[in-house]
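Written out below as structure tokens is the structure these notes cover.
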Amino acid sequence: MGSFIEINDTLQLTIKQGFPKELNFAKHKIKPFKASDFANKIYKFKKNNIRMYQLPPIRNLLVQNLNGKWLYWGLVHIIETTHDNLKQTTSGKFKIIYLYTPEEMKMAHSMIDRKKSTDYFKTLK
């Protein structure tokens, strides 16, 4: 028997799963946030299924899931994970280490992901 282990490089979250509520794209377009604005904040998340993430100093991408459309916000360090093997969930904590500018956010999906079905900016046209 074998086992399957997948290491994720993307922390893709809805608000309910723990995406930071203060990261609002409309506000970010007017006055861009910086990672230093959140330097002392640690965020919690919880997702279904067992997941592994890259460990610091390796970065993970922070993506907001908005009704199945992905908005790339920047980079995080996952600083803690807990697996509940009975409930098949992963919870943890992360810290924001870099936030994309609004212009970088618009380019990120086409450079990183390229799936048209999940491109947040395609829904705005």
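Where a number appears in this text, it was derived from the coordinates with a stated rule and is not lab data. Source: prediction; values computed, not measured. Cβ sites come from the backbone with ideal geometry, for glycine too, and all protein chains shown count toward neighbours.
Going highest first, how would you order 113-119, 87-93 by mean Cβ packing within 10 Å?
87-93, 113-119
Quick one: angle between helix 102-112 and the longest Cα principal axis of the chain, in degrees between 0 and 90, rounded to 10, please.
50
Of the options I78, N67, S117, report the single residue whose Cα projects farthest towards the positive end of the charge dipole of region 8-124 (beta-carbon charges: Lys, Arg +1; Asp, Glu -1).
Going by the charge dipole, the pick is N67.
Please return the longest range in the chain lying between exposed loop sites, taking GluC sites (Glu not before Pro), DSSP loop only, at most 14 other beta-carbon atoms within 10 Å, and leaving the sites out.
No qualifying site falls inside 23-125, the longest such stretch.
Treat region 33-77 as a sphere of radius equal to its Kirkwood radius over Cα pairs and apply Stokes-Einstein at 20 °C in a medium of 1.002 mPa s; give the translational diffusion coefficient in µm²/s, rounded to a whole number.
Rounded, D is 173 µm²/s.
If you take Cα extents along the principal axes in Å from the coordinates, which of (i) 85, 24, 19; (ii) 40, 25, 23; (iii) 50, 35, 25 do you get?
Given (i) 85, 24, 19; (ii) 40, 25, 23; (iii) 50, 35, 25, the structure-derived one carries the label (iii).
From the backbone phi of region 9-21, what are the Karplus-calculated ³J(HN,Hα) couplings (6.51 cos²θ - 1.76 cosθ + 1.60, θ = phi - 60°) in whole Hz, Gly and Pro given as x?
10, 10, 9, 9, 9, 8, 4, 4, 7, x, 5, x, 5
What is the magnitude of the charge dipole of region 8-124 about its Cα centre, with +1 placed on the Cβ of each Lys and Arg, -1 on the Cβ of each Asp and Glu, and no other charges, expressed in debye to the nearest 20?
In debye, rounded to 20, region 8-124 gives about 300.
Between A26 and E103, take the C-beta separation as r, use R0 = 22 Å, and let me know the FRET efficiency to the nearest 0.05.
0.90
Classify region 61-106 from the C-alpha gyration tensor, please: rounded if a/c falls under 1.5, else prolate or oblate depending on whether a/b exceeds b/c.
oblate
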